[in-house]
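The values are calculated or read from the model by the stated rules, or taken from the named source; none is laboratory data. Note that this is a predicted model, so its numbers are computed, not measured. A quick note on method: Cβ atoms are made from the backbone with ideal geometry, for glycine too, and the neighbour counts reach across all protein chains shown.
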Amino acid sequence: MIDGKPDERPAFLPLSVPEIGGNEWTYIKECLDTNWVSSVGSYVTRFEEAVAARVGVAHGVATASGTAALHTALLVAGVEADDEVLVSTLTFIAPANAIRYVGAHPVFVDATEDDWQMDPKQVAVFLEQECAMTDGVCRNQATGRRVRAIIPVHTLGHPVDMAPLLALAKTYGLVVIEDAAESIGAAYEDGDHLRPVGSMGHLACFSFNGNKVMTCGGGGMLVTQDADLAQRARYLTTQAKDDPVEYEHGEVGYNYRLTNIAAAMGCAQLEQLDGFIQTKRHIATTYNEALSQIPGIQVMPEAPWARSISWMYTVLVNEVEFGMGSRDLLKALAQASIQTRPLWQPMHLSKPHGHCQHLGGKVAEDIHARSLSLPCSTGITSSDLERVIQTISSLQGR
Ligand SMILES: *Cc1c(COP(=O)(O)O)cnc(C)c1O
């Protein structure tokens, strides 16, 4: 008690929460009113078409999650048991798990210091020096296994440097599956045109989980230019049903469909995406300007060819210069009711995937050790941002 007033803990500031401020209530109510609540209904098709149009591709297949979209993408790409798939090591675990679902082996690729994304140079060295082409098939000479696909993960809302990867994939006959789960709306400047993430690979996947820039509650989507791949994805995600009346199925399929209710929410969120991205970028600019002044704080990079959506605002903490490391800063900010999080443990160090081959990894390890994601909900206020900045500033050098 000070001056007779009760002690007040500052309000809890979450890392990132959804913003539901558009037509969500209207569209979902329509599903409930019309009894179209399950995995058939007009919102599913509408959502698929709207996302595909937004990304600039011909086909969208809605799925129950981003992970389901990745699993399906690997299946339709023809990735088989004992194949190898190149994937970023600095990522949320979903793409590595999906590779394992089909019995294939991930080969983890380090990040670059400049953009924290998959390093195309490591991929080039691997393909050129460790692999060989025989009869049009790329094989890892050490394991004898076929290298079938590559999954560049556009992490934190920032695109991967795609041009060199697309060229390598062409030379070595690899299927490119973009994991754009965190980055819908981001773009990559390729020469003089701007290419949306999700439009560059043979296949791409999005997630609409609650923590992403737009959400269905839970859901995902696979997109592609290729009508045959889209049709096969639709078939596999609906239990591989061959006959519309009889329960006859052509192969082992999956129930990976999105519900009409979730799609209705997705349609409403997509209408607000441009605003969300504008806000995310504004948050990043505000943080960048203030935090780059603080010794020991390195702000989130944006490559000159990138149009990041700044999905999850993240800094790197230099323990010596700042006076404490990222994990101690996390605890100190938690004391001030500010929620923060480090980035994901790199996949080559993870328990389920640590035995797999990795190309480099030190950059990802360093980013992981020093990283801290800061509150960046689209609904965050200027005074909340100021509070985070002031608190970090006051902790520096202590
Ligand atoms: C969130 C995420 C996924 C998985 O999406 P879910 O909808 O949670 O299954 C896949 N890849 C990356 C990089 C993600 O961040």
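Please enumerate the residues belonging to segment 49-73 that are away from the ligand (no atom under 16 Å from the Cβ) and of a type outside the set (Val, Ile, Thr).
GLU49, ALA50, ALA52, ALA53, ARG54, GLY56, ALA58, HIS59
Can you tell me which condition ALA240 does not meet? The list is (1) under 30 Å from PRO342 (Cα atoms); (2) surrounded by fewer than 17 Cβ atoms within 10 Å (Cβ to Cβ); (3) more than 16 Å from the ligand (Cβ to nearest atom), and all the others hold.
(1)
Output the number of the condition that ILE93 fails; it satisfies all remaining conditions of (1) over 30 Å from ARG370 (Cα atoms); (2) of a type in the set (A, V, I, L, M); (3) surrounded by fewer than 24 Cβ atoms within 10 Å (Cβ to Cβ); (4) within 12 Å of the ligand (Cβ to nearest atom).
(1)
For segment 127-175, give me the residue count where each residue is out of contact with any strand residue (DSSP E or B) (no Cβ under 8 Å at 6 or more places or on another chain), polar (S, T, N, Q) and closer than 16 Å to GLN357 by Cα.
1
Scan segment 217-228 and give yes if some residue there is free of Cβ contacts under 8 Å to residues at least 60 places away in the same chain and either away from the ligand (no atom under 11 Å from the Cβ) or not charged (D, E, K, R) (or both), otherwise no.
Yes, the conditions are met somewhere in segment 217-228.
Test THR72 against the stated conditions and say whether it is assigned to a loop (DSSP other than H, G, I, E, B), at pLDDT 95 or above, of a type outside the set (Gly, Ala, Ser) and crowded, with 24+ Cβ neighbours inside 10 Å.
no
Inspect segment 78-86 for any residue being within 17 Å of the chain's Cα centre (by Cα), within 14 Å of the ligand (Cβ to nearest atom) and at pLDDT 95 or above and give the result as yes or no.
No - not one qualifying residue is present in segment 78-86.
On the basis of being over 23 Å from VAL61 (Cα atoms) and either touching a residue at least 12 places away in the same chain (Cβ under 8 Å) or in a loop (DSSP other than H, G, I, E, B) (or both), does ALA149 make the cut?
So ALA149 fails the test.
Identify, please: which residue in segment 176-192 is among the hydrophobic types (A, V, I, L, M, F, W, C) and more than 10 Å from the ligand (Cβ to nearest atom) and is, among those, farthest from ASN97 (Cα to Cα)?
Filtering segment 176-192 for residues that are among the hydrophobic types (A, V, I, L, M, F, W, C) and more than 10 Å from the ligand (Cβ to nearest atom), the one farthest from ASN97 (Cα to Cα) comes out as ALA187.
Can you tell me which residues in segment 195-237 are in a strand (DSSP E or B), on the phi > 0 side of the Ramachandran plot and surrounded by 24 or more Cβ atoms within 10 Å (Cβ to Cβ)?
Of everything in segment 195-237, nothing turns out to be in a strand (DSSP E or B), on the phi > 0 side of the Ramachandran plot and surrounded by 24 or more Cβ atoms within 10 Å (Cβ to Cβ).
Would you point out the residue of segment 198-216, among those that are near the ligand (Cβ under 10 Å from one of its atoms) and modelled with pLDDT of 95 or more, that is nearest to VAL76 (Cα to Cα)?
That would be CYS205.
Being more than 16 Å from the ligand (Cβ to nearest atom) and closer than 14 Å to ARG307 by Cα is true for just one of ARG145, ARG195, ARG139. Which residue is that?
The match here is ARG195.
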